[in-house]
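We did not get these values from a lab; they are worked out from the coordinates using the rules stated. Since we're looking at a predicted model, the values are computed, not measured. Cβ placement follows ideal geometry from the backbone for every residue including glycine, while neighbour counts extend to all protein chains displayed.
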Amino acid sequence: MDQPIGIFDSGFGGLTVARALIDLLPAEDYVYIGDTGRYPYGSKPLDDVRGYASELAHSLVDDFNVKAIVVACNTATAAGLDDLRDELDVPIFDVVTPGASAVVRASRAGRVGVIGTVGTISSGAYVQAVERASRQTDVGIELSSAACPGFVEFVERGQLNGDEVMVLAERLLAPLTEAKVDTLLLGCTHYPFLARTIGEVMGPDVVLVSSADETAFEVSERLRELLLLRKPSEAGARRFLSSGDVDTFRDLGSALFGADLVAAEHWER
């Protein structure tokens, strides 16, 4: 019960999930690993990403004794987590399923859009997840998807607005504006950092959905069922690690995440 919750992502995007979890479950201890030494995942072969995910997950269990793992990376989830769930004796949560359920519930007219990395979109993970959610809610959904190469790189550089970002967003999101989607799922945990630009391009009538909050709710509910949550007390401990340059991770991470990320450590692969 007193073990930490482990979170990993290719870099900084998973900090949106970490923030949602900390806000919802502040008494818990957390260990976050950003694999900035190998990001971005989105353009890499899914077999490689699957190997990275296995390495990170096993490290969280073996080195940090976590009681649960949140895979806060859509590309890693799309690469497949079945092997991890078979190999590791801790609950493993993804961000795809909660996000798909949320966007189906939020849609008014059934015209849903999903954006993500090349790896996530080409895997079809969201198509399958949205179809499952649609069947469960008996809601007819027309799904449009678009890969957004370049978005992650802008976030990882801390470039969250400006003409370059806007021009790229207008080009990449054009198929979704043409499809007149009424709800758009940000299918990468990096994308909420670009929500203002994405929202300007899509227009005020399009609802943007992030999976971070929905994932936090699912983790909270499931760990409560398993009697794995700590009793409410003072704020828990938070550790942040990076496989890349620690100074860069700390500086950009604290700018994106806030004062909680004032220190960072190196994660040894």
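For the chain, the Stokes-Einstein estimate of translational diffusion at 4 °C and a viscosity of 1.567 mPa s comes to 70 µm²/s, using the Kirkwood hydrodynamic radius over alpha-carbon pairs. How high is the relative contact order of segment 96-211? Use alpha-carbon pairs under 8 Å, at least six apart in sequence, and give a whole percent. Relative CO of segment 96-211 lands at 37 percent.
Per residue, the average separation of C-alpha pairs within less than 8 Å and at least 6 apart gives segment 1-111 a relative contact order of 30 percent. Taking the chain as a Gaussian network of alpha-carbon nodes connected by springs under 10 Å, the highest mean-square fluctuation of the residues 44, 231, 67 belongs to 231. Per residue, the Cα convex hull of segment 96-211 amounts to 81 Å³. Against the chain, whose longest principal axis is taken from its Cα atoms, helix 15-24 shows a tilt of about 70°. By how many degrees, between 0 and 90 and to the nearest 10, does the Cα long axis of helix 246-257 differ from the longest principal axis of the chain? Relative to the chain, helix 246-257 is tipped by roughly 60 degrees. Amide H contacts of residue 72: 8, each under 5 Å away and 5 or more positions distant or on a separate chain (H built 1.01 Å from N in the peptide plane; Pro and chain starts excluded). Once the gyration tensor of the Cα atoms in segment 1-108 is diagonalised, the equivalent ellipsoid follows with semi-axes of 20, 19, 14 Å, ordered largest first.
Backbone phi angles across segment 226-243, fed through the Karplus curve with coefficients 6.51, -1.76 and 1.60 (θ = phi - 60°), yield HN-Hα couplings of 7, 6, 10, 7, 6, 5, x, 7, 5, 4, x, 7, 10, 10, 10, 10, 9, 7 Hz in residue order; Gly and Pro are listed as x. Amide H contacts of residue 66 (H built 1.01 Å from N, in plane; Pro and chain starts excluded): 61 sit under 5 Å, all sequence-distant by 5 or more or on other chains. In the elastic network of the chain, a GNM with C-alpha springs shorter than 10 Å, the most mobile of 215, 137, 197 is 137. Scanning residues 5 or more positions from residue 144 or on other chains, those with amide H under 5 Å from its amide H are 112, 113, 114, with H placed 1.01 Å from N in the peptide plane.
Taking all Cα pairs closer than 8 Å and separated by 6 or more residues, the relative contact order of the chain comes to 27 percent. Exposure proxy for 83, 9, 260: other Cβ atoms within 10 Å of each Cβ, ordered fewest to most, give 83, 260, 9.
Our helix-only sum for the chain, with -39,500 (n - 2.57) per DSSP H run of n ≥ 4 divided by its residues, gives a mean residue ellipticity at 222 nm of -14500 deg cm²/dmol. Relative to the dominant Cα principal axis of the chain, helix 46-64 is inclined by about 30°. Between 20, 133, 109, the GNM of the chain built on Cα springs shorter than 10 angstrom shows 109 fluctuating the most. Coupling constants for segment 99-106 follow from the phi torsions by the Karplus curve (6.51 cos²θ - 1.76 cosθ + 1.60, θ = phi - 60°), and in residue order they are x, 5, 4, 5, 6, 5, 5, 7 Hz; glycine and proline get x.
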